[in-house]
1. Mind listing whichever residues of the range 21-46 are without any contact (Cβ under 8 Å) to a residue 60 or more places away in the chain, within 8 Å of ligand 1 (Cβ to nearest atom) and outside any loop (DSSP other than H, G, I, E, B)?
2. Quick one: in the range 183-210, which of the residues that are within 16 Å of ligand 1 (Cβ to nearest atom) and farther than 21 Å from residue 11 by Cα is surrounded by the fewest Cβ atoms within 10 Å (Cβ to Cβ)?
3. Within the range 34-52, does at least one residue satisfy the condition of being at pLDDT below 95, surrounded by 14 or more Cβ atoms within 10 Å (Cβ to Cβ) and more than 16 Å from ligand 2 (Cβ to nearest atom)?
4. For residue 69, indicate whether it is touching a residue at least 40 places away in the same chain (Cβ under 8 Å), closer than 25 Å to residue 178 by Cβ and assigned by TED's automatic domain parsing to the domain that holds residue 188.
5. Report whether or not residue 192 is modelled with pLDDT of 95 or more and within 30 Å of residue 19 (Cα to Cα).
6. Which residues, counting only those in the range 254-293, are farther than 30 Å from residue 44 by Cβ and part of a loop (DSSP other than H, G, I, E, B)?
7. On the basis of being on the phi > 0 side of the Ramachandran plot and surrounded by fewer than 20 Cβ atoms within 10 Å (Cβ to Cβ), does residue 29 make the cut?
8. Do the conditions hold for residue 177, that is, is it within 26 Å of residue 297 (Cβ to Cβ), assigned by TED's automatic domain parsing to the domain that holds residue 210 and surrounded by 14 or more Cβ atoms within 10 Å (Cβ to Cβ)?
Ligand SMILES: Nc1ncnc2c1ncn2[C@@H]1O[C@H](COP(=O)(O)OP(=O)(O)OP(=O)(O)O)[C@@H](O)[C@H]1O
Ligand SMILES: [Mg+2]
């Protein structure tokens with residue numbers, strides 16, 4: 001009988017002062033972060049930000065120049081049975097096209113140190129039980145992604161590290177992946193770290209977000225904090241733009257000038273209204289409005305590029 005574990009104790013991932021250069025390129029630059037179990041964490045950053053390099057160092061595939069990356073307090077190389085601790089899919093895996101899904105897993109099982117029965121278990125977990133005896137050469141991209149995930153689950157690891165797992169998935173595949181990853185974290189207690197260069201792709205999946213740009217940490221919080229940052233904008237219409245610029249600068253709020261007024265971030269409409277009233281500034285309109293979450297992400301990763309539209 002195969003039985004799916006219902007409670008898995010995930011481990012904490014700790015990254016401390018991690019750095020790596022390739023020649024003149026500082027791919028990862030003094031990066032420190034903590035990834036906790038029981039939630040899905042999105043590891044976000046634009047192309048070339050250093051996500052894959054960080055994950056490769058975490059998995060002992062690339063040596064760090066300095067700093068440390070540990071799982072449950074140990075570097076990957078010192079884990080007694082790594083496959084039972086962490087399952088990782090770093091890039092679209094290549095499969096032997098002539099092999100069936102089951103055979104692909106049977107090749108991996110001895111390396112991971114699990115019995116044959118584990119192969120059917122993980123295929124069922126990813127919804128490929130019916131395709132177990134079909135040749136992988138005929139699999140769709142989404143089916144291959146599922147098989148890749150099944151491979152990472154063979155050792156029933158408490159930690160899953162997935163580099164851009166949503167790449168190439170159709171909307172239905174993304175919905176499936178979302179439910180699956182959340183189940184692994186929330187119901188089973190695993191640590192799930194998922195990288196992506198598009199926030200929108202993982203927005204509905206992740207609980208926590210870590211954002212890096214040019215190898216450095218630029219943001220780390222629950223997703224809800226990022227959503228709150230997106231919501232905190234106030235549009236002010238006024239004939240006295242100069243007066244408002246002085247006021248907003250005094251208050252230390254961020255702003256941009258728009259036609260007929262200002263767009264202020266970091267303050268609520270009530271705060272802006274009260275400050276305007278106290279300063280006797282003429283106010284024609286005051287409205288709270290949201291920024292697209294993707295714009296917050298852009299602003300974090302490339303402040304120069306993120307001009308708030310007027
Ligand atoms: N083996 C390597 N040799 C030289 N430069 C490398 C190597 N690996 C990564 N880099 C460089 O390090 C930087 C970070 O790359 P990395 O692949 O970690 O980014 P990423 O965040 O995963 O990007 P993407 O979203 O495109 O996957 C890039 O400038 C990249 O060109
Ligand atoms: Mg990458």
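The values are calculated or read from the model by the stated rules, or taken from the named source; none is laboratory data. In this text, all values refer to a predicted model and were calculated from it rather than measured experimentally. Heads up, the Cβs are rebuilt from the backbone with ideal geometry, glycines too, and the neighbour counts pull from every protein chain shown.
1. Those that are without any contact (Cβ under 8 Å) to a residue 60 or more places away in the chain, within 8 Å of ligand 1 (Cβ to nearest atom) and outside any loop (DSSP other than H, G, I, E, B): 22, 25.
2. Going through the qualifying residues, I end up with 200.
3. no
4. No.
5. Criteria met by residue 192.
6. Residues satisfying the conditions are 259, 260, 279, 280, 281, 282, 283, 284.
7. Working: on the phi > 0 side of the Ramachandran plot: no; surrounded by fewer than 20 Cβ atoms within 10 Å (Cβ to Cβ): yes.
The answer is no for residue 29.
8. So residue 177 fits the description; yes.
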